[in-house]
Each structure stands twice: as structure tokens, then as C-alpha cells.
Amino acid sequence: MSIVVLISGRGSNMQAILEAGLPVAAVISNRPDAGGLALAAQRGVATRVIAHRDYESREAFEAALAAEIDRHAPRLVALAGFMRVLSAEFVARYAGRLVNIHPSLLPAFQGLDTHERAFAGGVKLHGCTVHFVTTELDRGPIIIQAALMVRPQDSADTLAARVLALEHLVYPRAIRWFLDGSLVVENGVVRVKGSYAQLVYSDRD
Ligand code: GRF
């Protein structure tokens, strides 16, 4: 019933997952300097670095990563700010049990610098998305989205902070649904058994 969380940086989503009491077996980072490693270790969670720089090819890196993940036989692999693009082979290996959080309302603003692009684009609604990972970058069946209104006084930085607070709310929720067996995927669309809301709208600051 466990989860392996993959990170590359500060690990605040990982922390939210841990604080929600979800069963995290291990946290793996591709960067030795990821701040989240210390946060996980402080909580007694096993941590491991599989540094992509130590491998000659993506295949070799992913083979090492998969070997480390599989040691824990997790039910779910959760990407939480993991900044490596994964190959089709890797995604296929974890098909249906690999999830990601992306800081935009997908399919808008796939890729990087989402808050800067949302702000520059003048969108009035912004947010984040938890989705199953498929071979297309930042696509895949949407499990939950959280949205907020962009205010005139917002900047890319305030948007990032406001959206991050929502990320911490919805990622643990999506993972709990997965572990409870509540998610049903049909024709690329995710439904949650029962009447759980798959949209959170916040008008908080
Ligand atoms: C989050 O904004 C997440 O949506 C994106 O990368 C960021 C990671 O932040 N994929 P953290 O490491 O979880 O604090």
C-alpha cells in the first residue's frame, strides 16, 4: 500500500503528502542537493539519491531509478517537483500508478514557467492539476484540479505562492483516492467513486 515519491528540489508537496499521513516508503531525488531529502529524513522516511549526472544515458539513469523504486514495491509512484522528462518505457512500466502535480490548469500552460506565462497571458483563472502520467508531457487523465481567481494585484510570484498552497491541499487528496481504490479511468477521463469533488475553487489570498 505504499508510495514512492520522486523529487528534485524543495519538496513542499512531498512534505504535504507526509503530513497527510500517507504511507510513503521512500523519497528518491535525482539531485543530491534537493532540500526535500532532509525534510523526509527528519521524518524518518528512507531517502535515496539517484543522480542523473552519474549515468551516461537516460536509459541507464532510468534503469537505476526503476530498480530503486521497485525495491519498495510501491502501489503508487508520485512525482512531486521531479524535473526529469521520463521515457515512454519508464512511463509504461508504471502505467496507471504514476501521478504528477503540475502548476497550471492543464491543458493550459504545459511545461515550465507556468505562473509567469499565466500572468503574462492575462488569464483570470489559474491553478494546478494532479494527473496520471502518460507519454505526453504534462498530459494524462486529470484526477483533480484546484483553481483560483487571478487578481489585478497578483504577480507571477504571488500566483506561485497561492497555487502552491492549493497544490498542498489537492495532491494528498488525489493520492488518498488512488490508494482507497476510488479512482476509475474511462476513455482518459477520471471519475471518483462516490460524489467527491474533483475541483477545488479558492478565493482566498
Ligand atoms: C510544484 O509547483 C509542482 O507543481 C511542480 O514543481 C513544484 C515543486 O515544488 N511540478 P515542491 O518541490 O513540491 O516544493
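Among the residues making up region 1-19, a single one is more than 19 Å from Leu98 (Cα to Cα) and more than 11 Å from the ligand (Cβ to nearest atom): Glu19.
Every residue, every condition in (1) under 15 Å from the mean Cα position of the chain (by Cα); (2) modelled with pLDDT of 95 or more; (3) within 14 Å of the ligand (Cβ to nearest atom), yes or no:
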{"site": "Lys124", "(1), (2), (3)": "no, yes, no"}
{"site": "Thr129", "(1), (2), (3)": "yes, yes, yes"}
{"site": "Thr134", "(1), (2), (3)": "yes, yes, no"}
{"site": "Ala146", "(1), (2), (3)": "yes, yes, yes"}
{"site": "Val150", "(1), (2), (3)": "no, yes, no"}
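Between Asp180, Asp157, which is free of Cβ contacts under 8 Å to residues at least 24 places away in the same chain and of a type in the set (Asp, Glu)? So the residue among Asp180, Asp157 that is free of Cβ contacts under 8 Å to residues at least 24 places away in the same chain and of a type in the set (Asp, Glu) is Asp180.
Of the residues that sit in region 76-96 and are buried (at least 16 other Cβ atoms within 10 Å of the Cβ) and part of a loop (DSSP other than H, G, I, E, B), which one is nearest to the ligand (Cβ to nearest atom)? Spell out the reasoning first.
Kept after step one, since they are buried (at least 16 other Cβ atoms within 10 Å of the Cβ), are these residues of region 76-96: 76-82, 84, 86, 90-91, 93-94.
Still in the list and also part of a loop (DSSP other than H, G, I, E, B): 80-82, 84, 86, 94.
Numbers: Ala80: 5, Gly81: 3, Phe82: 7, Arg84: 12, Leu86: 13, Tyr94: 17 Å.
Per the stated criteria, the residue is Gly81.
Listed conditions (1) more than 21 Å from Val133 (Cα to Cα); (2) open to solvent by 20 Å² or more (accessible area, probe 1.4 Å) are all met by Arg58, apart from (1).
What's the total number of residues in region 101-122 that are part of a loop (DSSP other than H, G, I, E, B) and either surrounded by 15 or more Cβ atoms within 10 Å (Cβ to Cβ) or within 17 Å of the chain's Cα centre (by Cα) (or both)?
Counting residues in region 101-122 that are part of a loop (DSSP other than H, G, I, E, B) and either surrounded by 15 or more Cβ atoms within 10 Å (Cβ to Cβ) or within 17 Å of the chain's Cα centre (by Cα) (or both) gives 11.
The values are calculated or read from the model by the stated rules, or taken from the named source; none is laboratory data. What you see is a predicted model; the values in this text were computed from it and never measured. All Cβ positions, even for glycine, are placed from backbone atoms using ideal geometry, and neighbour counts span all protein chains on display. Heads up: the accessible areas ignore ligands, DNA and RNA and are worked out on the full protein's heavy atoms, side chains in. Shrake-Rupley method; radii C 1.70, N 1.55, O 1.52, S 1.80 Å.
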